[in-house]
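Step one of this worksheet: look at the structure below.
The values are calculated or read from the model by the stated rules, or taken from the named source; none is laboratory data. Worth saying up front: this structure is predicted, and the values here are computed from it rather than measured. Neighbour counts are summed over all protein chains in view; Cβ atoms, including those assigned to glycine, are modelled from backbone coordinates with ideal geometry.
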Amino acid sequence: MDLWVNTFLFGILPYIALAVMVVGSIIRYDREPYTWRTGSSQLLRRRQLMWGSVLFHVGILFLFMGHFVGLLTPHSVYQHFISAEAKQMVAIVAGSIAGLICFVGLVLLMHRRFFDARIRQTSTFSDNAILIILFVQLLLGLLTVPFSLAHSDAEVMLRLSAWAQGIFTFKPGIANYVAGLDWPYQAHLVMGMLIFLLFPFTRLVHMLSAPIRYVWRPGYQVVRSRKLGAQNG
């Protein structure tokens, strides 16, 4: 890969993507708070939606936490407890399981959205586009598994971790860490940054406002007045 292209994709684009995601999300929440939702079509093919949604969200939650902890935890923190090679194998096994769960869920959601005429009519271009992008990203992530198994010395994992940590520590020359890596890794990174760029403009923003407050919110009971019912009757 050309040096300038590599520097832009892995040394400059990460900061652009993060800035757009953070600033764009804040602006959207401030100016268009009522668009901060996923939209609902749960009355249509509800069973398929339930299974697809549960599998997808469980899988992607574990993938997100695995990437976050795995990439941003310095080697010095865990080297006394587990070797880099063993950590890579744990990441491969756990990531493969979570990735397959997420993949099955996403396929169910895509089949429901693309092959049901009624649901297609309620879908926007961004709804369809983000599903396809997530599908490609999952495929790329799963495609890195055999490449990781071929690099059992954990060199690639350590280089990716150094790159990710370098972004947040503003370390110069971070693009050099991922230069020359196999194309699935680089494509996976670029696609991830594309998702960050699109984040504020799609339904993905709903992940920032998980309905945790509903856990302790007091219940409500709707009571219909008999008098009102008699009058309407």
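The table below gives the values:
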{"item": "Filtered residue count, the stretch 1-27, keeping only those that are at pLDDT below 90 and not in a loop (DSSP other than H, G, I, E, B)", "result": "1"}
{"item": "Unique residue being among the hydroxyl-bearing types (Ser, Thr, Tyr), at pLDDT below 95, over 16 Å from the mean Cα position of the chain (by Cα) and on the phi < 0 side of the Ramachandran plot when the list is 53, 40", "result": "40"}
{"item": "Among the residues listed as 112, 118, 159, the single one being in a helix (DSSP H, G or I), out of contact with any His (no Cβ under 9 Å at 6 or more places or on another chain), modelled with pLDDT under 95 and farther than 22 Å from residue 205 by Cα", "result": "118"}
{"item": "Number of the exception - residue 189 against (1) at pLDDT 95 or above; (2) on the phi > 0 side of the Ramachandran plot", "result": "(2)"}
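For (1) assigned to a loop (DSSP other than H, G, I, E, B); (2) farther than 19 Å from residue 73 by Cα; (3) modelled with pLDDT under 95, each residue gets a yes or a no:
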site: 149; (1), (2), (3): no, yes, yes
site: 166; (1), (2), (3): no, no, no
site: 197; (1), (2), (3): no, yes, no
site: 213; (1), (2), (3): no, yes, yes
site: 220; (1), (2), (3): yes, yes, yes
site: 229; (1), (2), (3): no, yes, yes
